[in-house]
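Inspection log for the structure reproduced underneath, given as structure tokens.
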Ligand code: ADP
């Protein structure tokens, strides 16, 4: 099964992604995690993207496209994968199609969470981590950065939903429930997808 999961920051995407990937026995491929690991390792990619991540901006499409094309060509992704955080712009949809070649996506799941809920959740996370000694757990969890990431999501990532809606691949899931409730809704949708 080849799945794309997306939704605003604070939608609980990472948690759901891990559970979905485990349920279907496919790798969870998070571009955010891959980029943060590159930054932590101080690799050439990490040095290139560190400042962009800290500002809450998106890394260039071509750069992240290379990262994802390389990752989905690995043997563990041959039988399927769950993409978390990619595609995040309309041009990235075409980059993914090129990388997939003859292969097709099965479903694109969008977690839908109202703005007010998203803001409350992620600002709560930022305030909690700011209270911990040593500052924010994630450099991009600062309040200004979160607001910027939300703005970038609306401007650059929401249009991706429309592209997949037109392709007949989009499934919208209410992301406001508990982790178990949201997971149940997602499994309800994916259960009917091609294996
Ligand atoms: P979120 O917490 O919003 O789900 P992620 O962990 O997916 O965020 O990504 C963190 C950061 O990594 C983004 O703010 C962005 O700078 C960068 N990033 C991740 N995926 C992409 C992508 N597909 N295109 C461009 N930048 C990306």
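The values are calculated or read from the model by the stated rules, or taken from the named source; none is laboratory data. A quick note: this is a predicted structure, and the numbers were derived from the prediction, not measured. Ideal geometry is used to build each Cβ from the backbone, glycine not excepted, and the neighbour counts take in all protein chains shown.
Results, tabulated for the structure shown:
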| read-out | value |
| --- | --- |
| Qualifying residue in region 121-129 (condition: at pLDDT 95 or above and crowded, with 18+ Cβ neighbours inside 10 Å) | no |
| Number of positions in region 1-22 that are more than 24 Å from residue 73 (Cβ to Cβ) and more than 9 Å from the ligand (Cβ to nearest atom) | 4 |
| Breaking point among (1) free of Cβ contacts under 8 Å to residues at least 12 places away in the same chain; (2) farther than 20 Å from residue 146 by Cα; (3) within 14 Å of the ligand (Cβ to nearest atom), for residue 60 | (2) |
| Qualifying positions in region 23-51 - closer than 21 Å to residue 175 by Cβ, more than 8 Å from the ligand (Cβ to nearest atom) and in contact with a helix residue (DSSP H, G or I) (Cβ under 7 Å, 6 or more places away or on another chain) | 23, 28, 29 |
| Of the criteria (1) modelled with pLDDT of 95 or more; (2) within 12 Å of the ligand (Cβ to nearest atom), which one residue 54 fails | (1) |
